[in-house]
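Contents: one structure, followed by commentary.
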Amino acid sequence: GLYYSVIDMNENGGLGKVVQKKQDLVIDTLDVGKITATKHANGRDWWILVSESHDNNYYRMLLTDDGISVNGIQEVGDTLVQGLGQAVFSPNGEYYAAFNTIDLDEGQYLDIYNFDRCTGLLSNHIQIRYNDFAYAGGVAISPNSRFLYVSSYDFIYQYDLWADDVENSRITVAEYDGFWDTFPTRFYQAQLAPDGKIYISCTNGVFYVHVIHNPDELGLACNVEQHGIRLPTRNNVSVPNYPNYRLGPLDGSS
């Protein structure tokens, strides 16, 4: 299920206090680890999206000044095949993508949708399936919301979301170079950062993250640097989940 808590930041001298704890929001079997959010078209409220497990139903939650509530359930597109992976909205809120690694037989699934920031509804589902024997992976979208990057264990792929045929726009922009830091530094989850670069964690507890320096550029010009940053301590596979806090209202929207 999905739960929420409420913190009053006026309490404890500005340190905050939990005033409601573990309130029911969605009682269902949900996909694991792919909850994500984007700004409503009004530039103030937030849409929060999560799917049912092994289904094509999406819960859309709306967070406003009055609190958080379920705004509906949408059945859309093909059935999702779910496993280890990541979901993300594009910086402009117009696209939603989820990447799943299932197993060595099933392969990998990339699901892409258009997203309506006014209604919170998904549309135009594209499902891309392939098998490069990935055990882990993630997904991120460039600052200009054009290029979608999939970090698929031994490879990093770039897809052009503006292309007429998104699936056939794929370019391999990196292949694992064999570097070890006690463990292999293969590609795992990805995150677009405020500096406009995409950072990718590794599949083990290592000191390094990979960097895509110019994610707005087509193909190899995006400039992937493997194990490009050495951290002060080991990172055990994770990256933070940051929505685009800078996204404003949608021009021309009612």
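The values are calculated or read from the model by the stated rules, or taken from the named source; none is laboratory data. In this text the structure is predicted, and so the values were computed from the model without any measurement. Note: ideal-geometry Cβ built from the backbone for every residue, glycine included; neighbour counts use all protein chains shown. Surface accessibility is based on the protein's heavy atoms, side chains included, excluding ligands, DNA and RNA. Shrake-Rupley method; radii C 1.70, N 1.55, O 1.52, S 1.80 Å.
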Problem - Three-way shape label, region 129-253, alpha-carbon gyration tensor, a/c 1.5 - result: oblate
Fill in the blank from the handout: Taking a ≥ b ≥ c as the square roots of the Cα gyration tensor eigenvalues, with a/c under 1.5 meaning rounded and otherwise prolate when a/b beats b/c or oblate if not, the chain comes out prolate
Completion exercise
Out of 108, 189, 127, a Gaussian network model of the chain with alpha-carbon springs under 10 Å gives the largest mean-square fluctuation to 127
Exercise for the section: Using the heavy atoms of the protein chains and a 1.4 angstrom probe, tell me the accessible area per residue for the chain in square angstrom. Expected result: 49 Å²
Problem - Distance (nanometres) between label positions extended 7 Å along Cα→Cβ at residue 32 and residue 172 - result: 2.9 nm
Handout entry: Charged-residue dipole, Cβ positions (Lys, Arg, Asp, Glu), the chain about Cα centre, Debye nearest 20
Key = 860 debye
Problem - Rounded accessible area of residue 45 (nearest 10 Å², 1.4 Å probe) - result: 10 Å²
Handout entry: Rh (Kirkwood; distinct C-alpha pairs) - region 105-180, Å
Key = 13.6 Å
Practice task
Figure the gain on full extension for residue 18 and residue 162 (residue separation times 0.36 nm, minus the Cα-Cα span) and round it to one decimal in nm.
Solution key: 47.4 nm
Fill in the blank from the handout: Carbon plus sulfur, as percent of the 1.4 Å-probe accessible area of the chain, comes to 48 percent
Fill in the blank from the handout: re region 26-175: pairs of Cα atoms spaced beyond 22 Å account for a percent value of 37 percent
